[in-house]
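The values are calculated or read from the model by the stated rules, or taken from the named source; none is laboratory data. A quick note: this is a predicted structure, and the numbers were derived from the prediction, not measured. Note: ideal-geometry Cβ built from the backbone for every residue, glycine included; neighbour counts use all protein chains shown. Accessible surface is based on the protein model in full, side chains and every heavy atom, while ligands, DNA and RNA are left aside. Shrake-Rupley method; radii C 1.70, N 1.55, O 1.52, S 1.80 Å.
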Amino acid sequence: MKTLDNTIRYHELIMSYDDTEHCPEFDLPEGFHFEFYQKKDKMDWIQIHIESGEFTSIREGESIFHSFYDSFIDELSKRCIFIVKNDSQEKVGTATISPLKQKEYGYEAAMDWVAIKRSYQGKHLSKPLISKGIHLAKELNYNKIILHTQTTSWLAVKIYLDIGFEPFKTTEDIGWQ
């Protein structure tokens, strides 16, 4: 399944979820469970993003991991989640609820780095992962969260909309057209 469509012109899209108290429940399919990030999981996080098409190399993944997470690395064990395959313990998906260094449009947290390995896409894992992320935001005392995505990930955008994220209009809204 091809989840990035580079035939579509790239535009950043911002979405919001403004009531983490109310989120639909989506259970993981049988054979999978959630786990929180542990210090040994950095390479698993990178591998998920390589296999989802987000990164092209381990070096790129390590650079992005550190530039993004180093400011709150000690909090990852309560902010970053994985979908894990029960029989092999393979980590196949991930998402993070990130604290924002400064408020963005009034939001203090974002759902970031949502990804599922290509070989596991289409197996009904996305909605449970996103739903779990919203519930995690609530547990971390965020009433609302923001999410950055792009037009080239239109399939993910549809899933976000189906769960209840809404387009966040800024002066740059051409991508929503």
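Among Ile46, Ile159, Ile146, the residue with the largest mean-square fluctuation in a Gaussian network model of the chain, with springs joining Cα atoms closer than 10 Å, is Ile159.
Give the separation of the Cα centroids, the range 73-128 to the range 20-38, in Å. The range 73-128 and the range 20-38 have Cα centres separated by 10 Å. Taking all protein chains as shown and a probe of 1.4 angstrom, Lys103 keeps an accessible surface of around 140 Å². Accessible surface calculations at 1.4 Å, restricted to protein heavy atoms, place the chain at 54 Å² per residue. The simple Förster model, with R0 at 35 Å and r as the Cβ-Cβ distance, assigns Met43 and Gln150 a FRET efficiency of 0.85. Bridging of Lys101 to aspartates and glutamates at a Cα separation below 18 Å is possible for Asp70, Asp74, Glu75, Asp112, once same-chain residues fewer than 8 apart are set aside.
Over the chain, DSSP H runs of length four or greater, each weighted -39,500 (n - 2.57), average out per residue to a 222 nm ellipticity of -8500 deg cm²/dmol. Using a cutoff of 8 angstrom between alpha carbon atoms and counting only pairs six or more residues apart, the relative contact order for the chain works out to 38 percent.
For the set Lys123/Lys158; Lys78/Lys144; Lys117/Lys138; Lys132/Lys158; Lys40/Lys132, the pairs lying more than 24 angstrom apart at their alpha carbons are Lys117/Lys138. Placing a label point 7 Å from the Cα of Ile64 along the Cα-to-Cβ direction, none of the residues of the range 120-161 has a backbone N under 11 Å of that point. The fraction of accessible area contributed by carbon and sulfur in the chain is 48 percent, rounded to a whole number (1.4 Å probe; ligands and nucleic acids excluded).
Set the Cα radius of gyration of the chain against 2.2 N^0.38 Å, with N its number of residues, and you get 0.98.
The slack in the chain from Lys101 to Leu140, taken as 0.36 nm per residue of separation less the alpha-carbon distance, amounts to 12.5 nm.
With contacts taken as Cα pairs under 8 Å and at least 6 residues apart, the range 9-90 reaches a relative contact order of 43 percent. Only the Cβ atoms of Lys and Arg (+1) and of Asp and Glu (-1) were treated as charged; on that basis the dipole of the range 1-84 about its Cα centre amounts to roughly 420 debye. With the simple spin-label model, which puts each label point 7 Å out from Cα in the Cβ direction, the Ile73 to Glu21 separation comes to 3.8 nm. Mean sequence separation of contacting Cα pairs (under 8 Å, at least six apart), scaled by the length of the range 79-177, corresponds to a relative contact order of 21 percent. Residue-wise HN-Hα couplings along the range 33-40, as the Karplus relation 6.51 cos²θ - 1.76 cosθ + 1.60 with θ = phi - 60° gives them from phi, are 8, 9, 9, 7, 4, 10, 3, 6 Hz; Gly and Pro carry x.
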